[in-house]
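> Dropping the structure in here first, questions after.
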Protein chains: 2
Amino acid sequence: MHIVRTHWKGVDLVSRMIRVNMQTREVMEETLPRDYGHLGGRGLTSMLAADELSPTCHPLGPNNKLIIAPGIVTGTRAPSSGRVSVGAKSPLTGGIKESNAGTPVSQQLARAGIRVLIIEGQADDGLWLLRVDGDGVQFANADELQGLGMYDAAERIFSEYGGDVGIMGIGPGGEALMSMAGVAFNDNENRPCRYSGRGGLGAVMGSKGLKALVVDDSDGSGVNIADEERFRQGTRDLSNALTSHDVTRPGGTLNSYGTAALINVLNEAGGLPTRNFSEGSFETADEISGETLADAIEERGGDGMVGHSCHPGCIIQCSNIWPRPDGTEHVSVLEYESDWALGANLGVDDLDEIAEMIRLCNDIGLDTIETGVTLGVAMEAGLADFGDGQRAIELIREIEAGTPTGRILGQGAEVTGQVFGVTRVPTVKGQGMPAYEPRAVKGMGITYATTPMGADHTAGYTIAPEILGVGGDLDPLDPENKGDLSRELQAVTAFLDSSGYCLFIAFAIMDMESGMEGMIESVNGVLGTDWTVDDVSRIGEEILAAERDFNREAGFTSAHDRLPEFMRYEDLPPHDEVFDVDERDLDSAAGR
Amino acid sequence: MHIVRTHWKGVDLVSRMIRVNMQTREVMEETLPRDYGHLGGRGLTSMLAADELSPTCHPLGPNNKLIIAPGIVTGTRAPSSGRVSVGAKSPLTGGIKESNAGTPVSQQLARAGIRVLIIEGQADDGLWLLRVDGDGVQFANADELQGLGMYDAAERIFSEYGGDVGIMGIGPGGEALMSMAGVAFNDNENRPCRYSGRGGLGAVMGSKGLKALVVDDSDGSGVNIADEERFRQGTRDLSNALTSHDVTRPGGTLNSYGTAALINVLNEAGGLPTRNFSEGSFETADEISGETLADAIEERGGDGMVGHSCHPGCIIQCSNIWPRPDGTEHVSVLEYESDWALGANLGVDDLDEIAEMIRLCNDIGLDTIETGVTLGVAMEAGLADFGDGQRAIELIREIEAGTPTGRILGQGAEVTGQVFGVTRVPTVKGQGMPAYEPRAVKGMGITYATTPMGADHTAGYTIAPEILGVGGDLDPLDPENKGDLSRELQAVTAFLDSSGYCLFIAFAIMDMESGMEGMIESVNGVLGTDWTVDDVSRIGEEILAAERDFNREAGFTSAHDRLPEFMRYEDLPPHDEVFDVDERDLDSAAGR
């Protein structure tokens, strides 16, 4: 095994930025640009992408970079804060991209003293693995891992590097440069099932010739906390909010049913996209609901569980492990988005079939949302019948095998629609829409249309006030006056995605002032800043502005801040609504 | 056969605009908007597309329109003026598109009294044929033609409607909504081999449910000429220029060798893109040169010929008929662009293999340029070896069969590059580059980058002064001061594409003032206008401005007026040049 090792020379931990060139195998230890010292996660990946990338570079060419950054409080004792952001120019959207995952690897990176890791260039010989620890970076040839699924690859890597390291890696989908390939991280028990899934970041990693990153924090010196007392007070207030809010508390909605609790809620609202966004409710939605999921897990017993956590220190614990009928572990995790994308969106109502599709996606290294949206378009094109889960599984295996059909599907919904001449393609900026039908939940349509990320529910979750009664109570069908709501949520989210906190703390901090203040104080404690809630919006807006600038230079205009044409003229049952939000509201939500 | 017939009600022939709705089968006879009375061809298709289409509509959805217009002087005795323009929003580029063909059908349309024909909506039952004559429009069911190649389809249509009608139609590629599908017209002897090839207009026609348009001018009243004397004087001066210029005269370059005369010229200039734009010269270029072509045709005898004309009344007569080794007809026409795209660009140097590929493209209804550029990208991806013409033929047959691989290729070079993860993809605005390597002929690169049409050599043919010494004498490798040249040529071309004249008259009118004046006077004679050479540029600029406005609203920015990134960092042999034109020159050529 060809190994090259570089040792850190000693940049201050609070601003250590590592740059690795895959072609020259140079490793540079640098100091974060001074203006970015207060950022983490998405704030860092987006600011650095905007500064360092040519917006017109080819996403899979030598001039794109893969940027990895844990959040500001990640690696500390702050609750539910184990998030890591991955950024690049996206091969799926052609714009800037950040996608974050909940995983112990986020905390290991932070504790190893890595504020940000930038992967540049392209290896011109074979496939590589990078091992990072508190002392330096090591290149190791990874040709023997070529073509391996993430489960096998993770097993081999843990067996070689020890079970206490963290892994970030790609499956065959990323190696094959597929635009629906995500970046996998391991969970608490070393399953490679936590994903920065969206936007094809796995293909960017593949284009670098990088199969996996291994993080060892055993020699790391941890995360610096500027004001311990302030940090302690803040985390205590935030923890109290999380443990008392019905959505986030132990035994609350997310903990008991997982995110799939949303299936029945959205179905009742007529906003559960069904059979490639042709209906807003699914007649057998309850078969795949969070309630049914939790019951089945209890009934089957064995290795299944709800209330599982994706990283240490989470209060919410919304993950789960799905068992086979005999109780043995099948797959973790059956999230709302995956459940919907591979379920209702395909007309499939069998949780075991959905679980098998998720397991395949995890193994091949694919975004479950893009996979489901793509299969919905493929079904519309006649490649399978809606409801035929077994055929859907076969199509995912074609992606794995890289057959011509698999290569088409692997490029996502937009390319699949083009190749098969389908006009009903639910994408924005080339990215498939998540599990909220914009004709039934108008504010979410504004977020899909206007976030710099392409259709993305996490970018400004208007579902909270429109459907869940959190942070307000709005009629989801009303198209009026939701541009500002989306814009404000997009800014707060950009901040949260930088903090390292899980987006799900939003339920508690939107409803409880003490929770919001606690979150901010915990960040102030780490950084030594004196931010208020106004700074949250301000900093979020700064990050969004950089992202929008990047996209503008990449060639995006207001024409790209729109939903697909068919949603403007095709009525969606059961409400028989079109997407009728005024374009001025879209432009204002996009900061135009 | 289900037939619906509508009769004209009597709009003045000089401004008759026909609108056909494929869904409702309504036919409307309207008067051209007053401002457009002086336009024809591209001027009409682009102005009407800009006025009537939502720039963000789906190109294959119900809101796109297919717009067909003969040129201003088309249908008169003006020499070399048998051009018809087809326009729409392009499924290949996502922008406005005009592509014109030389065919007697252009003249028949004009003489049947059709200034412009607009096809709207989408048939929701089966496939249709439209028959247009001097008296009205007739719908006929065309399900029996479904899936037929253009050669068989044309034979059946001529057999049913008589050999004197004209045909515009699509092959299986257009029916399958492939973005490389063109629109076919018949030539002088009823071969369906003259193409409005570029930009996927065949897919737009297919999306309408329209297999063919049949034009019968026997009841038509011809083209109105406002000032016969002026028209006669103008055409005489133009004819004199054409018959005396070495490029366009009988027995001159184009007449003797066809457009393939350019193979050796560009090869010597190092500007003949070879093996997917990885080199600028092809070691066996002479095997596929115009000289070799002409020699082989003479040697084989039989049905082969050079100096063939694509429509009645052409002085230049640059077309040809390629014979098999036994002298029987193989295919017409072996143009420079097709010869290069399916030859040098694939490393193929066998004229019979190239001819067979052209024949297949004609039959399936594919743009030969996009097909060749796509196969070049496919070869780069490893689907075939460069030089393997037999495998290239097989891949075209996959497009015909609509296999998954065929469907990928059928979407053109950009999608093929994405699906197979290729970063060296020679496209602009999604359209494959023609036969001039922009790193070796810098002005042509400016035209590729900045025309609203996507990479298109005909849009502003800087090759004239850069390579051929026509209209000037510039160093092709010099990147300086060519923005204005490209912009001026783009404007003059937009006018010529509206006049109905073949672009090849440009050689004579750029070099000979009397030719330019004759061209303008012939147009003045038809229209009763009093235009000068300044009006040519002004009107051309107006057309370009409408096209650019459309593209801007469709989401195009200066970022789309650029060549692919690899041409900026990869040296091209033999000159070892990159494309180093200043971006300000690109912006100025694009009218920014």
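Taken together, the values in this text are just the output of simple stated rules run on the coordinates, not laboratory data. Predicted model only: the values in this text are computed from it and were never measured. All Cβ positions, glycine included, derive from the backbone under ideal geometry; neighbour counts span all protein chains shown.
> Using the Karplus curve 6.51 cos²θ - 1.76 cosθ + 1.60 with θ = phi - 60°, what ³J(HN,Hα) values do you get for each residue of the stretch B:337-351, in whole Hz, with x for Gly and Pro?
Once rounded to whole Hz, the list reads 5, 5, 4, 5, 4, 9, x, 3, 5, 9, x, 9, 10, 10, 4.
> Please list, in chain and number order, the residues 5+ apart from residue A:113 or on another chain whose amide H is under 5 Å from its amide H, with Hs placed from the backbone.
A:221, A:222
> Can you give the Rg to Rh ratio of the stretch A:306-363, both from alpha-carbon atoms, with Rh computed by the Kirkwood formula?
Rg divided by Rh gives 1.00.
> Among all lysine pairs in chain B that are eight or more places apart or on different chains, how many have alpha carbons less than 28 angstrom apart?
Final tally of qualifying lysine pairs is 22.
> What are the ³J(HN,Hα) values, in whole Hz, obtained from phi via the Karplus relation 6.51 cos²θ - 1.76 cosθ + 1.60 with θ = phi - 60°, for each residue of the stretch A:231-247 in sequence order, with x given for Gly and Pro?
4, 5, 4, x, 5, 5, 5, 5, 4, 4, 5, 5, 7, 10, 7, 4, 7
> Follow-up. May I ask which residue of chain B has the beta-carbon nearest to the axis carrying chain B onto chain A, and at what distance in whole Å?
So the chain B residue sitting closest to the axis is B:404, 2.
> Is there a simple number for the mean count of other chain Cβ atoms within 10 Å of the Cβ of residues in B:412-425, and what is it?
5
> Same structure, new question: Amide H to amide H under 5 Å from residue A:330: which residues, 5+ apart in sequence or cross-chain, H placed 1.01 Å off N in plane?
Placed amide hydrogens put A:322, A:324 under 5 Å from residue A:330.
> So, one more: Report relative contact order for chain B in percent, whole number only (criteria: Cα-Cα under 8 Å, sequence separation at least 6).
About 16 percent, as a whole number.
> Remind me, relative contact order of the stretch A:180-279 in percent, using alpha carbon pairs under 8 angstrom and six or more residues apart?
It comes to 12 percent, rounded to a whole number.
> Another one. If you take the Cα Rg of the stretch B:92-184 and divide it by 2.2 N^0.38 Å, with N the number of residues, what do you get?
1.12
> Defining the label point at 7 Å along Cα→Cβ, can you sort the distances from residue A:246 to the same site in each other copy, shortest first, in nm?
The projected label point of residue A:246 is separated from its counterparts by 8.9 nm.
> Of B:518, B:50, B:312, which is farthest towards the positive pole of chain B's charge dipole, taken about the Cα centre with +1 and -1 on the beta-carbons of Lys, Arg and Asp, Glu respectively?
Of the candidates, B:50 comes out farthest on the positive side.
> Placing a label point 7 Å from Cα toward Cβ, how far apart in nm is residue A:4 from its equivalents in the other copies, listed shortest first to one decimal?
Values, ascending and in nm: 6.9.
> Quick one: dipole size for the stretch A:3-216, taken about the Cα centre, charges +1 on Lys/Arg Cβ and -1 on Asp/Glu Cβ, in debye to the nearest 20.
That gives the stretch A:3-216 a dipole magnitude of about 600 debye.
> Report the charge-dipole magnitude of the protein assembly as shown in Debye, nearest 20, computed about the Cα centre from +1 at each Lys and Arg Cβ and -1 at each Asp and Glu Cβ.
In debye, rounded to 20, the protein assembly as shown gives about 740.
> Something else: So for the stretch A:41-122, taking the charge dipole from beta-carbon charges (+1 Lys/Arg, -1 Asp/Glu), which of A:116, A:76, A:87 sits furthest toward the positive end?
A:76
> Please state the relative contact order of the stretch A:279-378 as a whole percent: Cα pairs under 8 Å, 6+ residues apart?
22
> Could you list which residues have their amide H under 5 Å from that of residue A:193, counting only those 5 or more apart in sequence or on another chain, with H placed in the peptide plane?
The list, which skips near neighbours in sequence, is A:185, A:187.
> Something else about it: List, in order, the whole-Hz ³J(HN,Hα) value for each residue of the stretch B:89-103 obtained from phi through the Karplus relation with A = 6.51, B = -1.76, C = 1.60 and θ = phi - 60°; use x for Gly and Pro.
With coefficients 6.51, -1.76 and 1.60, one gets 7, 7, x, 7, 9, x, x, 5, 9, 9, 9, 10, 10, x, 6 Hz.
> Right, another one. List the distances, in nm to one decimal, from the label point of residue A:135 to the label points of the same position in every other copy, shortest first, placing each label point 7 Å from Cα along the Cα-to-Cβ direction.
Relative to the other copies, residue A:135 has label-point distances of 9.6 nm.
> Using the Cα centre of the protein assembly as shown as origin and beta-carbon charges of +1 (Lys, Arg) and -1 (Asp, Glu), tell me which of B:99, B:344, A:405 is placed farthest towards the positive end of the dipole.
Checking the options against the dipole of the protein assembly as shown, the answer is B:99.
> When the chain is fully extended, how far beyond the present Cα-Cα distance does residue A:224 get from residue A:144, taking 0.36 nm per residue of separation?
Between residue A:224 and residue A:144, full extension yields 25.0 nm more.
> Nothing charged except the Cβ atoms of Lys and Arg (+1) and of Asp and Glu (-1): what's the magnitude of the dipole of the stretch A:256-437 about its Cα centre? Round to the nearest 20 debye.
With only Lys, Arg, Asp and Glu charged at Cβ, the dipole is about 720 debye.
> By how many nm would the segment from residue A:324 to residue A:159 grow when fully extended, if each residue of separation counts as 0.36 nm and the alpha-carbon distance is taken off?
56.8 nm
> Let me ask something additional. So, by mean Cβ neighbours within 10 angstrom, what's the order for A:443-455, A:109-121, B:430-442, B:138-150 with the highest one leading?
Going by the mean number of other Cβ atoms within 10 Å, highest first, we get A:443-455, B:430-442, A:109-121, B:138-150.
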